[in-house]
Amino acid sequence: MNTLSLPSLVVRFLQHSSPWGSIELYKVKFKFTDDDGNPYSHVHYRAVSEVKELIYFGTTNAEGETANLVSSIEENFNVHLYLSTIGD
């Protein structure tokens, strides 16, 4: 049986320049693996930021990573994976 491990987390602070001034952006990416280290590849997910309530939908890549989730403030995200139970 595969169980979900806590995701690894990569957070980066970006500063984006535009003609109207500088915009500070925070970018985060999650990587999901099972207890044996196998990635949850090509799994649909929904991510919601806790403060601004931004909603992201996507599919993890071959390494089990989400796309970059971006916010203008530093905040937490809740990520839900949609795992199939067919055949279990």
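All of (1) surrounded by 12 or more Cβ atoms within 10 Å (Cβ to Cβ); (2) in a strand (DSSP E or B); (3) without any contact (Cβ under 8 Å) to a residue 40 or more places away in the chain hold for HIS80 with one exception: (1).
Just need a number here: residues in region 37-72 that are assigned to a strand (DSSP E or B) and not polar (S, T, N, Q). Summing the residues that are assigned to a strand (DSSP E or B) and not polar (S, T, N, Q) in region 37-72 gives 13.
On the stretch given as region 54-75, residues that are more than 16 Å from LEU25 (Cα to Cα) and small (Gly, Ala, Ser) total 3.
Name every residue in region 38-68 that is without any contact (Cβ under 8 Å) to a residue 24 or more places away in the chain and either within 14 Å of VAL79 (Cα to Cα) or exposed (fewer than 13 other Cβ atoms within 10 Å of the Cβ) (or both), in order of residue number.
Residues satisfying the conditions are HIS42, LYS52, GLU53, LEU54, ILE55, TYR56, PHE57, GLY58, THR59, ALA62.
GLU75 passes every criterion in (1) open to solvent by 40 Å² or more (accessible area, probe 1.4 Å); (2) among the charged types (D, E, K, R); (3) in a loop (DSSP other than H, G, I, E, B) apart from (1).
The values are calculated or read from the model by the stated rules, or taken from the named source; none is laboratory data. Since we're looking at a predicted model, the values are computed, not measured. No Cβ is skipped: glycine too gets one built from the backbone with ideal geometry, and neighbour counts run over all protein chains shown. For the accessible areas, the whole protein counts, side chains as well, though only heavy atoms, and no ligand, DNA or RNA atoms are used. Shrake-Rupley method; radii C 1.70, N 1.55, O 1.52, S 1.80 Å.
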